[in-house]
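The structure appears right after this line, and notes come after that.
Any read-out appearing in this document is the output of simple, stated calculations on the displayed coordinates, not a laboratory observation. All values reported here derive from a predicted model rather than from experimental measurement. All Cβ positions, even for glycine, are placed from backbone atoms using ideal geometry, and neighbour counts span all protein chains on display.
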Amino acid sequence: MNRLRHLLPAGLAAGTLVGAMALAAPAATAAQAANARSYVVTALDYNSTGWTYRQVPATTQVPGFAERGFDDSAWPAGQAGFGTTNGTCSWNNAASVKTPWAVNTDILARHWLHLPRDAQAVRIQGTVDNDAQVYFNGHLVQSVKSGACAAGAIDVVVSAADLDCCNLLAVRGHDAGVAAYLNLRVTYVKPTQAL
């Protein structure tokens with residue numbers, strides 16, 4: 001403290017410095033505590049395994065495919081991203097495409113995921129070429145027309161009313177030709193326990 005005294009402007013008492021430091025400390029602690037109250041968790045990541053999927057002509061209707069009770073047991077299992085390895089999209093390559101999806105078709109994809117009861121701000125993000133309808137537990141949460149593989153075109157926060165502990169993400173992707181691509185992730189905010 002004595003070493004700091006010569007750095008203080010004239011007239012500023014050492015007690016003032018200590019008081020200012022005491023007032024600043026709780027503010028920093030409060031800001032740190034606010035940041036520590038929650039964190040983002042990835043429930044389903046890009047390139048995830050465990051998807052069931054079916055490719056269909058664009059005009060084919062598959063009633064109820066996005067519903068939780070739909071039987072997809074005869075569908076093949078695959079890994080995201082779905083797509084072609086040729087095209088103008090930067091993801092149309094062998095490293096990014098894990099499961100083939102033919103051009104000029106639709107892909108129906110389903111994945112189950114567990115969320116804890118205190119999950120907040122559940123967010124679905126992803127990329128599609130060309131269009132997608134995104135469902136969560138049977139509810140349409142976003143329709144996307146992204147054209148040529150716009151990164152992040154799929155981006156929606158799911159309503160708390162649509163959440164359950166065991167949840168179904170379902171997507172109908174539509175391709176209009178040249179190349180196809182679909183890849184998604186789901187994150188949520190988890191509050192930390194109060195100390």
- Item | Only Lys, Arg (+1) and Asp, Glu (-1) charged, at Cβ; the range 119-195 dipole about Cα centre in debye | 160 debye
- The rounded separation in angstrom of the Cα centers of the range 128-181 and the range 79-94 is 17 Å
- For a label point 7 angstrom out from the Cα of residue 176 toward its Cβ, which stretches of the range 117-132 have the backbone nitrogen within less than 20 Å? 126-132
- For residue 93, placing the label point 7 angstrom along Cα-to-beta-carbon and taking the range 111-150, residues whose amide nitrogen sits under 17 Å are 149-150
- Theoretical gain in end-to-end length, residue 165 to residue 46 [0.36 nm per residue, Cα-Cα removed]: 40.8 nm
